[in-house]
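The values are calculated or read from the model by the stated rules, or taken from the named source; none is laboratory data. Computed from a prediction, not measured in an experiment: that's the story for all the values here. Cβ placement follows ideal geometry from the backbone for every residue including glycine, while neighbour counts extend to all protein chains displayed.
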């Protein structure tokens, strides 16, 4: 799914939700879809899904996911193209993230926002998968941004994040810093 396909899918979800006469549903994206839709990742980058971290009001989650499933059938997308699997990581969102969101789609019944650049960098360092490393190389975080990631990891440590996870994230951070030094 590229940027255009994602925007078309959100427009279709908006039409489905609009038929339910629900008040506007706010959706927060993280991951590669957030990077694609905010221009933080290259236009040629694609993703298999859109990771939803937060839905407001929470009571609209069922309606949103039903609309997304209908859109998947109509457009030939994976049933999980819009999913809430990432919500288990909600505790790891950097402090103040709400003030840095970027609206990427505004319809009649849905407003889709993405986490901001520094929050996306933090979450990708935290996840540390191969695809996250590729995305981080494309994003080219600055030394200042890497300093914010370091502070973020310190906050996670204070809040009891498992040491093994933090050690992995610090290895990712060190790898990014070594690119600046080299």
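Brief remarks follow.
Residues are listed down the side, and each one gets a yes or a no for (1) farther than 21 Å from residue 45 by Cβ; (2) assigned by TED's automatic domain parsing to the domain that holds residue 49; (3) surrounded by 12 or more Cβ atoms within 10 Å (Cβ to Cβ):
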position	(1), (2), (3)
91	yes, yes, no
98	yes, yes, yes
110	yes, yes, yes
148	yes, no, yes
153	yes, no, yes
158	yes, no, no
165	yes, no, yes
172	no, no, yes
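- Within the range 16-48, the set of residues being in a helix (DSSP H, G or I) and crowded, with 16+ Cβ neighbours inside 10 Å comprises 16, 17, 31, 32, 33, 34, 35, 36, 37.
- Residue pairs meeting the criteria (Cβ under 9 Å; at least 6 apart or on separate chains; first at positive phi, in the range 124-144; second surrounded by fewer than 13 Cβ atoms within 10 Å (Cβ to Cβ) and modelled with pLDDT of 95 or more): 128/171
- Residue 49 being more than 26 Å from residue 144 (Cβ to Cβ), within 11 Å of the chain's Cα centre (by Cα) and free of Cβ contacts under 8 Å to residues at least 40 places away in the same chain: no
- Unmet requirement for residue 52, which otherwise passes all of (1) surrounded by fewer than 21 Cβ atoms within 10 Å (Cβ to Cβ); (2) at pLDDT 95 or above; (3) touching a helix residue (DSSP H, G or I) at 6+ places or on another chain (Cβ under 8 Å): (1)
- Note on the range 20-46: residues that are in contact with a helix residue (DSSP H, G or I) (Cβ under 9 Å, 6 or more places away or on another chain) and without any contact (Cβ under 8 Å) to a residue 12 or more places away in the chain total 1.
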